[in-house]
Ligand SMILES: Cc1cc2nc3c(=O)[nH]c(=O)nc-3n(C[C@H](O)[C@H](O)[C@H](O)COP(=O)(O)OP(=O)(O)OC[C@H]3O[C@@H](n4cnc5c(N)ncnc54)[C@H](O)[C@@H]3O)c2cc1C
Ligand code: SF4
């Protein structure tokens, strides 16, 4: 038997390696074809391949026999493996992305071998546990799920009640920092020789999008732990209040910056949550910040994973609002006078990361209002972000960001410039005016927002949560001019003149 470790399953704490004696054979495959599927961010390729090679070395140091096969495809590497070990059986944790387990099983079959697909232990909840909770509910709501997980795990619970008396403290978590506020510097992980070698190889071997310089993500479990320590000790306390803030001078704010390590398996979600809950118990961080992190990690992360699992493959072609326009070129070039979009696209180009509100309320919001094809946006997120994997990117982009399916939210996250102006300092320094809707200097978000509501009226008006938006739309006496401006904005965006 051989334990097959995929590139996003880099752990010995759960899964087949947790039960191993240390003398099992381990197979790891570095497949180049995988990296050619999209023009991935070079830092994403560096992150995954360098983390794999470091994990290989750590396993070898611990006495494992690791066969690390570099090949064009998984199929090629598997053929070599079964040539060398006829009749071998592979033990593999089922990948979280839809259909991947079955595809790998077919490849193993073709190579003449056999594979045992085991439960994926990289999450808190198993599919059965989630499905038991879901039962025959018509609609799966995050709020209900979150209460269930809090109760079943006991995190931040006082008997059957939430600690502090409330399940969530979002009303305390929408602050913007005062003008001279200084955010703590994010931790830095200087690339070692191995990471530098991988970066150089990735850069010369693959078509990529994004800046190869400045890589500073954790690639080992020790560094991932350092990232967790840094978050808890230096940024957690103010994570809550500034969670939704967007700031021109700080790309990281107080965010955890842990998704790259979590999604590779270098950290388990349980470790992250228990660490932040311990900080609360020790009096080192306030409840609104700690609950905020707990909700993201045990709530949203698990919820999107399981809703995705249950809604695939339909989710990968869903298009509830029939949005089919090409994604504007500015997503690829960053060339635009819209300060919010230019800043966020630059951030993504620089390090393959921007925080949640920038993903949702700037990048996705603009694409949603513009009417961009949600699947082109999904593709863009997939290659541009270092933490992107199908199981997490697709539900977030197609569901939460584009409202191409109502599986994750009952209404779209659509907003005018008002939101960006309130939650960021981007508008202060922008050529466009967030308070204007028509005219050349008017913020493009505004006309697009009203036009979006008008265009999707049949689908959205009856939702009671959209009532106020439609009430305001009905009161607009310049709707024709607004919609003309929206056409102009779209034309300009398509021509790279926005
Ligand atoms: C359009 C869009 C695309 C996204 N694409 C991805 C993606 O490709 N990969 C990814 O991991 N997350 C994605 N997210 C979710 C979220 O934005 C990132 O997990 C988060 O920004 C990662 O940064 P952080 O570690 O600093 O997180 P923090 O904001 O500090 O949050 C802490 C942790 O909570 C978890 N989390 C929070 N929200 C979500 C969520 N909605 N889904 C899953 N996990 C969540 C993450 O593991 C994160 O590390 C996306 C969200 C949107 C709106
Ligand atoms: S004015 Fe509009 S385009 Fe400019 S930063 Fe504000 S929201 Fe973005």
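Miscellaneous remarks
- Cα gyration tensor shape for region 71-157, rounded if a/c is under 1.5, else prolate or oblate: prolate
- Modelled label positions at residue 350 and residue 100, each set 7 Å beyond Cα in the direction of Cβ, lie 2.9 nm from each other.
- Rounded FRET efficiency, nearest 0.05, which uses the C-beta distance separating residue 271 from residue 436 and R0 of 45 Å: 0.40
- Rg(Cα)/(2.2 N^0.38 Å) for the chain, N = residue count: 1.00
- Rounded to 10°, Cα long-axis angle of helix 74-84 versus longest principal axis of the chain: 10 degrees
- Per-peptide average of other Cβ atoms within 10 Å, ordering 471-478, 59-66 highest first: 59-66, 471-478
- Beta bridges from DSSP with both residues in the chain: antiparallel share about 10 percent, rounded to the nearest 5.
- Rounded if a/c under 1.5, otherwise prolate or oblate - region 330-494, Cα gyration tensor axes: oblate
- Protection proxy ranking for 256-269, 219-232, using the average of other Cβ atoms within 10 Å per residue and placing the highest first: 256-269, 219-232.
- Sorting 393, 405 from the fewest to the most surrounding beta carbons within 10 angstrom yields 405, 393.
- Three-way shape label, region 385-430, alpha-carbon gyration tensor, a/c 1.5: oblate
- Cα-based helix-to-principal-axis angle, 221-230 vs the chain, degrees rounded to 10: 40 degrees
- Calculated FRET value between residue 197 and residue 116, using beta carbons and R₀ = 25 Å, to 0.05: 0.15
- The slack in the chain from residue 463 to residue 312, taken as 0.36 nm per residue of separation less the alpha-carbon distance, amounts to 51.9 nm.
- Cα-based helix-to-principal-axis angle, 339-351 vs the chain, degrees rounded to 10: 10 degrees
The numbers here are math on the coordinates, done by the rules we state, and not lab data. Quick caveat: nothing in here was measured; it's all calculated off a predicted structure. Using ideal geometry, Cβ is built from the backbone for each residue, glycine included, and neighbour counts are taken over all protein chains shown.
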